[in-house]
Structures are given as C-alpha cells and as structure tokens.
Amino acid sequence: MTEAVDGARFDEKTYAELQEIVARYPQPRSALLPMLHLVQSVEGRVTARGIETCASILGISAADVSGVATFYTMYKRRPVGDYHVGVCTNTLCAVMGGDEIFERLKDHLGVGNDETTADEGTGKTITLEHLECNAACDYAPVMMVNWEFMDNMTPGSATDLVDDLRAGKQVRSTRGPRVCSWREAERILAGFPDDRADEGPAGGPPTMLGLQIARENGWTAPDPQRQPQPGQDAAEQREPGPTQKQATEDAGTPEAEGDVAVDEAPVERKGGKGSAEADGKDASR
Ligand code: FES
C-alpha cells in the first residue's frame, strides 16, 4: 500500500525504501529516526503525509511520530533550502567569533534564524540557523553546511562561503568532502550512503592532540577489567566512607560481619594497579 492515511501518496520507490529501513531493526519503531530523514530527503521537510505514512508503516500513532519529529532539531517542519547553513553559537564558538559570524550572515543574507533566502532564479537557496555545540570545539568557531564541517571560520570566510553556495559553485568542507545538497545529505542520514564517507581525514591535528600527548608520555587507558561491570553494585566500587572504615576496624563483631563483603572491594583497590596484592585478586576474577 502506498496511500497515506490522509490520501496523499509517496511514490513506490520511497515507500519501498521506508520499509527497507524498518527491516534493518529488530523493533520496527527503532526505524523512525532514519525514516524521518528519508521523508525530509523527499519532501524537504517533515510533512503531514510523512508523519502519517511513518505511523502507518510502524503501527504507531501520528502523535507518536510527531512527538519525535518536533523533539529533535534536525527535523524541520518548514521547507529547508538547498543548503542548510549552521553557525555554532554555543559558548566556545560564540566567544571565538561565532556570534559575530551569525550576525554578519543574517545581515548578508537578509534572513533571521531558521529562515530561508528567496529563490532569485539563478542561484541556490540557503536556510540559516544557529546551532548548539557541534562537538568540534577544537576548531572553533565552527559552521556546518548540510552537516559537513567548516572549521576555523571568520565573518569574511563565512560570507564567501554562502556566496559560493548561492552561486552554485562546488564547495568542499574544510576537512575535504564535497558538500552535497540538503536533500542528498538527508538521504545519507537515512542510511543510503553516497560512498563518499571516506573523503577527508578521520580526525585533524587539534582533535588528535590529546592522543599525541598521551603517546609522548607513555600514558595508557585504564584497564577495562578493573572498571565496574554491568550489574555490579556501584557501591562496591566506591572508596569506603567513615562508617565502612569503622566497620572494617570492628570486624569480628556481629554487627560488622554483614559489612565485610562491602568493604572487601575498596580494600582490593588500595593495593593499586601493578601491586602484587591487587594483581592477585584480579587474576582470581
Ligand atoms: S562550542 Fe562550537 S563546536 Fe563546540
């Protein structure tokens, strides 16, 4: 069936792809997020028929789907332009120039937050939005075009970027990958790759600096065998408080007998990594 509840129709290909997404998951409802991305790739936003179709396929209510679509900011209820341009105005990027970039772009493009430039017939349209942290603070101030990173931006490089986008020029992320259209990016987020995932570096020098320093100093990650295991009582991992220490000292009394198991774990750790005491106990686990 390709008919949505409200009578509007998706084409056969889109409907089949929505069902293909559902088939990836043990629980159909888990498919909702990529399904909504596919809807956006076709419709340019999350439409009423997209909501109704997802609900119908998954056997849930339209209210359930709408609740998800309105919770996450990557789902848009208003049409997005050819390029979604995001400017990070979270704390670090803001103080590094993100606020200034966002104000400059609003003036340059003549739009406010979450608004789209007019289609002038010769170029592409841009939707401008201020974003929260993109987890790329080491390259602040950061922008994104259709979720591709633009690092270390300035007001000048930002206006040059949007001018190139509007003129239809091929633009690349500062990390290398070519920028595609917003609808193409949404299709990728729905799980239909464009085979360009390997374009650009996995991590640049600022991102890898911590690892480099750790290697220079011979630092290693904590032994995972010594981390709390699923189901293990977190209290067993804590250092003993004054009451527990007193109980240890009072071991042998009837009241303290029941606390011995609680106290054993902290005593274990007192030997420290590498000590014969600690290593012996670890080996017995
Ligand atoms: S504050 Fe902008 S990427 Fe983190």
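The values are calculated or read from the model by the stated rules, or taken from the named source; none is laboratory data. Remember, predicted model here, so these are calculated numbers, not experimental data. Backbone-built Cβ (ideal geometry, glycine too); neighbour counts: all protein chains shown.
A compact table of results
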read-out	value
Top-ranked residue of the stretch 116-135 - restricted to ones that are within 20 Å of the chain's Cα centre (by Cα) and in a loop (DSSP other than H, G, I, E, B), ranked as farthest from the ligand (Cβ to nearest atom)	132
Candidate set from the stretch 136-151 (those that are of a type outside the set (A, V, I, L, M) and within 16 Å of the ligand (Cβ to nearest atom)); member that is nearest to residue 209 (Cα to Cα)	138
Options 166, 178, 226; residue that is under 30 Å from residue 13 (Cβ atoms), surrounded by 11 or more Cβ atoms within 10 Å (Cβ to Cβ) and away from the ligand (no atom under 15 Å from the Cβ)	178
Residue list for the stretch 46-95, filter: closer than 17 Å to residue 125 by Cα, surrounded by fewer than 19 Cβ atoms within 10 Å (Cβ to Cβ) and either at pLDDT 95 or above or not basic (Lys, Arg) (or both)	79
Exclusive hit being away from the ligand (no atom under 16 Å from the Cβ), touching a Phe, Trp or Tyr at 6+ places or on another chain (Cβ under 9 Å) and closer than 30 Å to residue 172 by Cα, set 68, 80, 87, 111	80
Subset of the stretch 10-63 that is outside any loop (DSSP other than H, G, I, E, B) and without any contact (Cβ under 8 Å) to a residue 12 or more places away in the chain - its residue that is nearest to residue 83 (Cα to Cα)	43
Answer residue from the stretch 97-108, given it is within 14 Å of the ligand (Cβ to nearest atom) and buried (at least 20 other Cβ atoms within 10 Å of the Cβ) and is nearest to residue 80 (Cα to Cα) among those	102
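Rundown of residues vs (1) of a type outside the set (A, V, I, L, M); (2) under 24 Å from residue 136 (Cβ atoms), yes/no style:
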site	(1), (2)
81	yes, yes
90	yes, yes
95	no, yes
100	yes, yes
103	yes, yes
113	yes, yes
119	yes, no
123	yes, no
